1. Could you list all residues from region 243-257 that are out of contact with any Phe, Trp or Tyr (no Cβ under 7 Å at 6 or more places or on another chain) and surrounded by 24 or more Cβ atoms within 10 Å (Cβ to Cβ)?
2. Do we have LYS233 as among the charged types (D, E, K, R), modelled with pLDDT of 80 or more and surrounded by fewer than 17 Cβ atoms within 10 Å (Cβ to Cβ) here?
3. Please go through region 97-112 and give me each residue that is in a helix (DSSP H, G or I) and surrounded by fewer than 22 Cβ atoms within 10 Å (Cβ to Cβ), ordered by number.
4. I'd like the full set of residues that are touching a residue at least 60 places away in the same chain (Cβ under 8 Å) and in contact with a Ser or Thr (Cβ under 9 Å, 6 or more places away or on another chain), limited to region 352-364.
5. State the number of residues belonging to region 362-391 that are part of a helix (DSSP H, G or I) and either charged (D, E, K, R) or touching an Asp or Glu at 6+ places or on another chain (Cβ under 9 Å) (or both).
6. For region 221-259, give me each residue that is in a loop (DSSP other than H, G, I, E, B) and closer than 19 Å to ASP119 by Cα.
7. Among the residues in region 245-257, are any in contact (Cβ under 8 Å) with a residue 24 or more places away in the chain, over 27 Å from GLY61 (Cα atoms) and of a type outside the set (A, V, I, L, M)?
8. Does ILE169 satisfy the condition of being buried (at least 18 other Cβ atoms within 10 Å of the Cβ), at pLDDT 80 or above and assigned to a helix (DSSP H, G or I)?
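The values are calculated or read from the model by the stated rules, or taken from the named source; none is laboratory data. Everything quoted here is computed from the prediction, not taken from an experiment. For neighbour counting, all protein chains shown are included, and Cβ atoms are generated from backbone atoms with ideal geometry for every residue, glycine included.
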Amino acid sequence: MLEKIKSNNNYILYGASILVARGAEFLILLYAAKVVNKEVYGELEFYKKIIETVSFVYAFGFPTLLMTYTRGKDNKTYFFFISTLFIVLLGILSAVFLIPFNWGFLIIPFVFNAIFIQDGTLPVFILINSNSNKASFYKTISSILFYLVIALLFYFGIFEQSFVYVNYILFPFGVIYLFILFKNSNIKLRMLKQYWNLFKKLLLNSLTLVFSRFSNVLFVYSDILIISLFSSKAFNDIADYSFPLNVANAVLIVPMTIIQVEIENIKKSEAKSLLAEKKIFKFCILALLGITVVYFVLIFTFFEKFNNTILLFLVIVVAKFFQSLTVLYGTKIIIYKKYYKNLIINISTLTLNIVLSIILFLFIGIIGVAIASLLSLYVRFIILKKSTKKLTQNHV
């Protein structure tokens, strides 16, 4: 038994760090859902989703390139350094477009999330440059700090824009951390110029990844955006949709943990990739069942105001199951450097999702949006699975 635990130590530690991050987020959102009305909760979710969506554009596909493209230690360090500077520059330039529309206050949250939070460049850099244990430590500490500040904001009665203010509070600490990190990395100007030339050549691939990743993220959050545009009681409907969505998202912890711990092995070995695929399927089934039980307990005890979302949750959680199975296939397409193929798949299924969501929402309301997501995610799962199988056969 002890040997089995030791052999899975990386999974346990990295999975625990993701669980801490998602768990803290889950508890914070549960608390907010409990103590505020649906309008306020819906506005909180709206700002949270906007920040998470746009920060992927600021990240410019660099986290994916860092994870799948970089090999040597210098390659990883210089690529991360230049990526960070690029994100900051993008934030400065975007002020020209955001400030006139009174969205300038979101620039710091966009930049902070693109660099420091879960899927930003820094967590990925720590993962590939050090090991999953150090990445686990970073994820755990940063998540605790992030949601501790959110909790303090809640204490002072700040709910709607709490996911905006937290970035301003933590941003100075992030800058200090980066300064120390780069100082210890001993960046040399001559090497920086060489890697800048390589970086420029990769910008086209990065741009492709931006659109691909953005369409991927927008696929997840387009539901909320469509509800906000077409609903006559937007924040109330966003609350009803976001609550089961936040619970169902826990299924995604499984593929995130397995893939990020095994990424180097997946790059090198098809056998390891197949093993990861089997693990993802098995543990996603268990996660789906467990999360469903938890949801029923929640809505029949502490969150009775959401007991009208049972059918909505069941549709969403099945959709998240197919999304979880898709993560590995999407990662492998990037490993094979099929950026345009990945982009075409993501944009086409995103378009399908948006069209279906609008049509079904107009006829049957928010349950139609959930059904549209389920159908679109299933279609993407089938396409990515077949595409990955062909690529694998061609590389054997």
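1. LEU245, PRO255
2. Working: among the charged types (D, E, K, R): yes; modelled with pLDDT of 80 or more: yes; surrounded by fewer than 17 Cβ atoms within 10 Å (Cβ to Cβ): yes.
When the stated conditions are applied, LYS233 passes them.
3. Initial filter on region 97-112 (in a helix (DSSP H, G or I)): 97-101, 104-112.
PHE97, LEU98, ILE99, PRO100, PHE101, GLY104, PHE105, LEU106, ILE107, ILE108 - these are the residues of region 97-112 that are in a helix (DSSP H, G or I) and surrounded by fewer than 22 Cβ atoms within 10 Å (Cβ to Cβ).
4. Residues of region 352-364 that are touching a residue at least 60 places away in the same chain (Cβ under 8 Å), as a first pass: 353-354, 357-358, 361-362.
The answer is ASN353, ILE354, SER357, PHE361.
5. Of region 362-391, the ones part of a helix (DSSP H, G or I) are 362-364, 366-391.
With the extra rule that they be either charged (D, E, K, R) or touching an Asp or Glu at 6+ places or on another chain (Cβ under 9 Å) (or both), the set shrinks to 366, 369-370, 372-373, 380, 385-386, 389-390.
Of the residues in that region, 10 qualify.
6. Just the residues of region 221-259 that are in a loop (DSSP other than H, G, I, E, B), to begin with: 231-233.
Once the filter is applied, which keeps residues that are in a loop (DSSP other than H, G, I, E, B) and closer than 19 Å to ASP119 by Cα, region 221-259 yields nothing.
7. no
8. Working: buried (at least 18 other Cβ atoms within 10 Å of the Cβ): no; at pLDDT 80 or above: yes; assigned to a helix (DSSP H, G or I): yes.
The answer is no for ILE169.
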